[in-house]
Amino acid sequence: MRPSKTDLEAPTGRPAGRQRALIQVLQDIQDRFHWLPPEALGHVAEALGVPLAQVYGVATFYRSFSLSPRGRHICTVCLGTACHVRGGGAVLESFERRLGIAAGRTSSDGAYTLEKVNCLGACALAPLAVVDGRYHGQMTEAKVEAVLAAVKKNGAA
């Protein structure tokens, strides 16, 4: 889905934010479209009166923003030291098999994006996966199957 200039305006017709609200505006766009389309960044720069380079600088600085399309469901697997030692690699491989995509990719139907990270800071839960913002600790291949089945059931994947 691609945004139009009117998608970025408040109901009153005024720009959806000011220069100091750049991050919030980008978060709103990311939430709506699951990524930051280039034309949206141009509209944001114009609406907020900030240079396009500044908008891109913020969009590329924060890991939570994506400049390429992402799935409706985001699956993140931790491969930090504790997770790796406790089987994080096998958990990642299980996600890859079940979703049919490699880490760093989005499924062709736009339903899932699979990511791997170096640390999520919750080592006591290792191995750890985060699916749609929910933390799932002590992951196993069986738990991967259960988590994805729940997403499919509840999230209309």
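The lone criterion from (1) small (Gly, Ala, Ser); (2) under 16 Å from Gln138 (Cβ atoms); (3) not in a helix (DSSP H, G or I) left unmet by Ala82 is number (3). All conditions but one from (1) in contact with a Cys (Cβ under 8 Å, 6 or more places away or on another chain); (2) surrounded by fewer than 19 Cβ atoms within 10 Å (Cβ to Cβ) apply to Tyr112; the one that does not is (2).
Of all residues in region 122-150, those satisfying the criterion of being of a type in the set (A, V, I, L, M) and not in a helix (DSSP H, G or I) are Ala122, Ala126, Leu128, Ala129, Val130, Val131, Met139.
Scanning region 36-45 for residues that are in contact (Cβ under 8 Å) with a residue 40 or more places away in the chain and surrounded by fewer than 20 Cβ atoms within 10 Å (Cβ to Cβ) gives no hits.
Restricting attention to region 115-137, the residues that are touching a helix residue (DSSP H, G or I) at 6+ places or on another chain (Cβ under 7 Å) and in contact (Cβ under 8 Å) with a residue 40 or more places away in the chain add up to 8. Filter region 41-86 for residues that are more than 20 Å from the chain's Cα centre (by Cα) and among the charged types (D, E, K, R) and give the result. Passing the criteria: Glu46, Arg86. Among the listed residues Ala129, Ala102, Ala82, Ala146, identify the single one that is under 23 Å from Leu67 (Cβ atoms) and not β-branched (Val, Ile, Thr). Exactly one of Ala129, Ala102, Ala82, Ala146 is under 23 Å from Leu67 (Cβ atoms) and not β-branched (Val, Ile, Thr), namely Ala102. Every residue in region 41-79 that is of a type in the set (S, T, N, Q) and under 30 Å from Val91 (Cα atoms), please. Answer for region 41-79, where residues must be of a type in the set (S, T, N, Q) and under 30 Å from Val91 (Cα atoms): Thr60, Ser64, Ser66, Ser68, Thr76. Taking region 104-157 as the range and being aromatic (Phe, Trp, Tyr) and under 15 Å from Cys78 (Cα atoms) as the test, only Tyr135 passes. For the residues Gly104, Gly87, the requirement of being of a type outside the set (Val, Ile, Thr) and at pLDDT 95 or above singles out Gly87.
Conditions tested, residue by residue: (1) more than 25 Å from His136 (Cα to Cα); (2) in the same structural domain as Lys143 (by TED's automatic domain parsing); (3) assigned to a helix (DSSP H, G or I).
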residue	(1), (2), (3)
Trp35	no, no, no
Gln54	yes, no, yes
Gly57	yes, no, yes
Glu115	no, yes, no
Cys119	no, yes, no
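All of (1) without any contact (Cβ under 8 Å) to a residue 40 or more places away in the chain; (2) surrounded by 13 or more Cβ atoms within 10 Å (Cβ to Cβ) hold for Ala102 with one exception: (2).
The values are calculated or read from the model by the stated rules, or taken from the named source; none is laboratory data. On a predicted model such as this, the values are computed, not experimentally measured, just so you know. Positions of Cβ are generated from backbone atoms using ideal geometry, with glycine treated the same way; all protein chains shown enter the neighbour counts.
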